[in-house]
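So the structure is just underneath, and the comments pick up after that.
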Amino acid sequence: MFENLSNKLSKILSRIRNYGRLTEKNIQDTLDEIYINLLEADVALEVTKNFINKIKKDAIGKKINNNFTPGQEFIKLIHKNLIKIMDSSDKNINLAIQPPAIILFIGLQGVGKTTSVVKLAYFLKKKYKKKVLVASTDIYRPAAIQQLKILAKSVKIDFFDINLNLSPIEISEKVLNYARINFYDILIIDTAGRLHIDKKMMKEIKNISNLLCPIEILFVIDAMTGQDSINSAKKFNELLPITGIFLTKADSDTRGGAFLSTKYVIKKPIKFVGNGEKINNITIFSPDIIASKILGMSSELAVIENIKKKINFKENQKIINKLKSKKTLDFKDFLEQLEQIKLIGNKNISFLLNKMKMNNIQYPTNSIINIMNIDDSTIKNIKAIMTSMTKSEKQNINILNYSRKKRISLGSGVSILKINVILKQYNQMKLINKKMKKNNNINKIIKYVKNFFNFRK
C-alpha cells in the first residue's frame, strides 16, 4: 500500500530529518517536491494546495520542540496534517438504536460492494456479538446475489433469499419485515452498481433509501480508481445522505489519492477499509496508521504499538519517582528495573535508545547493552538470591564478603560465580542511574518518551 508514494516521500523527508536549522528556502523546496508527488499520487488538487499551504504557514517561524530536531519537528507537522485531512469526529457506526440497525451499501459497479457487505457483517458479528442479516436488491445480476449467499454461508452469516421476480423496493419491504419479526440487530443490504447519470437507477436507490431509513449509507470506493470514484460519490451525495465511505482494495499498490482526498472532497468520513480478499480483511479506518504508512513509517509504527502494549507506564513512573527521590539504587529496585526491561523486550529497548541517541540524549551505551542481555533464568536467580539476603545486604551489597556470599549461595542454590556476575550487573545499573541523575537525563528521557508517543496521537 502506498509503496510508490511512500518511497518518494521517505527520500524527500530523509534529507530534512536531521536539519539543525529550517529556513524558508529549505521548507519551500521540500514542500514543492511533496506537492508534485501528491499530485502524481492522484490526490485532488484542492486537497494538495490546502495541505501544502497549511504546512508552510505552521512551519515558517514555528518554535521547535526541544526534544526534536527542526527537521523532525517538520515531519511531525506533516504527519499531523495528513491525519487532519483524513480524520473525522463521526467515523464510528452508531448501533445504539431500535433494531434492526440498517446499513445500505451503494456505489459503482465492480468496486467490491458484495464482498464488503459480508466483511462488515462478519466484523460486526464478531466484534459486537450482533445478530446480522444480509440481503441484496441487485436483481439485474443474479450472479452477485449468488456470490453474496455463498460468502455469507462461508462465515455463518444469515442470508435472505429473494425472488428475482420482485422489484428492489418489494425485496426491501420483505427483508425489512423479516428482520423485524426475527429480531435481527443489524440488517445490511447490498444494491446494484449504478452510475449517477442513470436517472432511473438513481431514482430506484433513492426510493430504497426512503423506505428503509438506514442508519448508515456507505458508499464503496475502489482505492485504485481514486478521483473518478470520489467524483461519483459527490454526485450520489447530492441525492442521498451518505454517512461514510468503505474503501476497498487497499492492499493493492494504491497511489493514495482516495485516502487523502475522500473526506476533504466529499465531506464524509472513511469508516472502513478492505485490505485483502479474505472475509476478515477489514479494519476500522485509522488516519494515524495510514499517515504513518504514507510517510514510510509503518515498520516504526508497528514497533511503537508493540511497545505500547508491553510497557506499563504507571509502574515505570513509580520506579522513576523512586530513583529520583533515592540517593542510591538498592537490590530490590534493581530487580524491578530488570523485570520492566524483560517485559518490554531487548529489541524494543534498543529501538527507543536509538531514537534517544538521535535526539542527543546521552546514556552509557555499553553498560545498558550488557544489562539488557538478561533472560528468565537471571530474573529467577535474582529472586532466589534476595530470599537469602538480609535487609542490610539488599540495601548495601558492599558488605557482601565471601562468607556472606557462600551463605546466600547455599540458601538460594545459585553459584557464587553467578552471584558475582549479577552483582556486577547491579553495579552497572547503579552507575547508569547515577550518571543519568547527575546530567538530569532522567527528566529528559521522560519528556522525550512522552513526546515520542504523543507524536502519533
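The values are calculated or read from the model by the stated rules, or taken from the named source; none is laboratory data. Because the structure is a prediction, the values reported are computed rather than measured. Reconstructed Cβ throughout: ideal geometry from the backbone, glycine too, with neighbour counts over all protein chains shown.
Output the number of the condition that I93 fails; it satisfies all remaining conditions of (1) of a type in the set (V, I, T); (2) at pLDDT 85 or above; (3) part of a loop (DSSP other than H, G, I, E, B). Of the numbered conditions (1) of a type in the set (V, I, T); (2) at pLDDT 85 or above; (3) part of a loop (DSSP other than H, G, I, E, B), the odd one out for I93 is (2). For the stretch 86-103, filtered to residues that are in contact with a helix residue (DSSP H, G or I) (Cβ under 6 Å, 6 or more places away or on another chain) and surrounded by 20 or more Cβ atoms within 10 Å (Cβ to Cβ), the residue that is farthest from K268 (Cα to Cα) is P100.
Scan the stretch 234-244 and give yes if some residue there is part of a helix (DSSP H, G or I), touching a residue at least 12 places away in the same chain (Cβ under 8 Å), among the aromatic types (F, W, Y) and surrounded by 18 or more Cβ atoms within 10 Å (Cβ to Cβ), otherwise no. Yes.
Against the list (1) at pLDDT 65 or above; (2) assigned to a helix (DSSP H, G or I), the condition L329 fails is (2). Checked against (1) at pLDDT below 85; (2) more than 21 Å from N7 (Cβ to Cβ); (3) not charged (D, E, K, R), P269 meets all criteria but (1).
Of the residues making up the stretch 213-233, just one is in a loop (DSSP other than H, G, I, E, B), closer than 12 Å to T262 by Cβ and in contact with a strand residue (DSSP E or B) (Cβ under 8 Å, 6 or more places away or on another chain), namely A223. Taking into account only those residues within the stretch 234-265 that are of a type in the set (A, V, I, L, M) and at pLDDT below 85, which is nearest to I208 (Cα to Cα)? Here the answer is V265.
Pairs linking a residue in the stretch 388-403 that is assigned by TED's automatic domain parsing to the domain that holds N420 and farther than 16 Å from L335 by Cα to a residue that is buried (at least 16 other Cβ atoms within 10 Å of the Cβ) and not aliphatic (A, V, I, L, M), with Cβ atoms under 7 Å and 6 or more positions apart or on different chains, are I399/E393; L400/E393. Selection of the stretch 152-195 for residues being under 29 Å from N231 (Cβ atoms) and buried (at least 18 other Cβ atoms within 10 Å of the Cβ) yields P168, S172, I188, I189, D190, T191, A192, G193, R194. Restricting K113, K129, K119, K125 to those that are exposed (fewer than 14 other Cβ atoms within 10 Å of the Cβ) and among the basic types (K, R) reduces the list to K129. Within the stretch 262-283, the residues that satisfy the criterion of being closer than 15 Å to V118 by Cα and either assigned to a strand (DSSP E or B) or of a type in the set (A, V, I, L, M, F, W, C) (or both) are F272, V273, G274, I279, I282, T283.
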